[in-house]
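The numbers here are math on the coordinates, done by the rules we state, and not lab data. Not measured: the values here are computed from a predicted model. Counting neighbours? That spans all protein chains shown, and the Cβs are built from the backbone with ideal geometry, glycine included.
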Amino acid sequence: MTNSAPQNSPRIVVVGSINMDLVVRSARLPAPGETLIGNSLSEIPGGKGANQAVGAARLGADVSLIGRLGDDGFGDTLRRALVVEGIQLDGVERTRKCCSGVAIIGVEDSGQNCITVVPGANGRLMPADVQKQAQAIARVDVLLLQLEVPIPTVLAAMELARTNDVVTILDPAPAIRDYPPELLNVDVVCPNESEAALLTGIEITTTESAHRAAEKLQQLGARQVVITLGDKGAVFRDASGHTGHLTPFPVTAVDTTAAGDAFAAALGIRLAEGGSLQDAGRFACAAGAVAATRKGAQPGMPSREDVNELLN
Ligand code: ADP
């Protein structure tokens with residue numbers, strides 16, 4: 001059975017990565033050159049683009065994803081997982097003779113982890129792939145972007161959205177050392193603390209320093225800013241310079257891996273529904289908090305009911 005969004009749901013296009021997360025658990029992580037016997041292996045669909053697409057679909061949006069899969073078995077499994085969520089995949093092509101994106105995540109009993117990401121087909125998503133989907137981008141309310149696909153592709157999608165008055169939201173994750181300045185020509189940027197620090201040069205240790213970083217991000221070109229602060233919630237700064245701290249929802253966190261993805265998806269939906277930045281930020285904090293209470297990236301994405309329950 002597949003889910004599909006009701007008519008007049010917010011419409012969102014996500015351009016981004018699709019990965020298989022292979023989680024290997026062992027008593028401790030192997031040392032270089034060592035062979036260890038592990039305890040378990042789980043295959044969990046992930047990738048920031050796919051996670052945000054699933055997050056937005058579960059919250060009730062009509063979602064299309066633009067990305068690339070390899071021609072391997074993971075590609076088949078990942079595609080099926082997205083179809084079940086009701087996500088439109090006309091913009092997801094397979095790259096021949098290429099693996100799908102994979103993250104190999106070693107986790108030891110102490111919780112310490114070690115991750116190798118192979119971008120695979122995600123690295124082959126080109127500006128031309130986005131341009132082929134120009135019509136799909138032109139008719140949505142919001143475009144959601146992250147940085148696990150080539151940056152020229154992200155910039156091409158932004159440009160298409162801007163010329164069609166589509167709201168652009170950039171989650172500048174994973175953190176990169178030299179962010180091209182034109183990435184901040186967006187309606188909303190939603191970095192976490194370390195991404196905001198790399199973008200602004202301001203170390204974020206308090207909500208006060210987060211507010212200073214938000215102001216700097218606005219000076220650098222972003223119209224509106226939300227900086228996520230993990231279990232300390234988030235700060236926002238809207239287009240008119242109105243600022244505030246969004247207090248976190250008290251939850252018992254189990255796995256915060258995809259909290260930021262749930263946050264970005266929820267922010268996109270509420271803005272598409274006409275919410276203010278403050279209102280959308282609060283909704284997104286609730287979505288991030290629910291995701292933090294669940295294991296796994298895509299399996300942990302909350303539904304609308306989950307978020308409403310926490311909000312009420
Ligand atoms: P990222 O995964 O990108 O580093 P964060 O860890 O900042 O993102 O989480 C995104 C949002 O999810 C936070 O702004 C917060 O609202 C919510 N969140 C994350 N972890 C927790 C937590 N332990 N308790 C409550 N809310 C959380």
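Each other residue within a Cβ distance under 15 Å of A56 adds +1 if Lys or Arg and -1 if Asp or Glu, for a net charge of -2. Summed over qualifying helices (DSSP H, 4 residues or more, each -39500 (n - 2.57)) and divided by its residue number, the chain shows a 222 nm mean residue ellipticity of -10000 deg cm²/dmol. The residues neighbouring A173, those whose beta-carbon lies less than 11 Å from its own, together hold a net charge of -3 under the Lys/Arg +1, Asp/Glu -1 convention. Remark: the Cα gyration tensor places the chain in the rounded category, a/c being less than 1.5.
When K216, K48 are arranged by Cβ crowding within 10 Å, least crowded first, meaning fewest neighbours, the order is K216, K48. Charge tally around V142: other residues with Cβ under 13 Å, Lys/Arg +1 each, Asp/Glu -1 each, net -2. Taking θ as phi - 60° and the Karplus parameters 6.51, -1.76 and 1.60, the scalar couplings of segment 250-266 work out to x, 9, 9, 6, 10, 7, 9, 3, 10, 4, x, 5, 4, 4, 4, 4, 5 Hz in sequence order, x denoting glycine and proline. Distances between placed amide hydrogens fall under 5 Å for V92 paired with G67, all partners being 5 or more residues away or on another chain. In segment 11-311, Cα pairs under 8 Å separated by at least six residues give a relative contact order of 17 percent. Only lysine pairs 8 or more places apart or on separate chains count here, and in segment 11-311 those with Cα atoms under 26 Å apart total 8.
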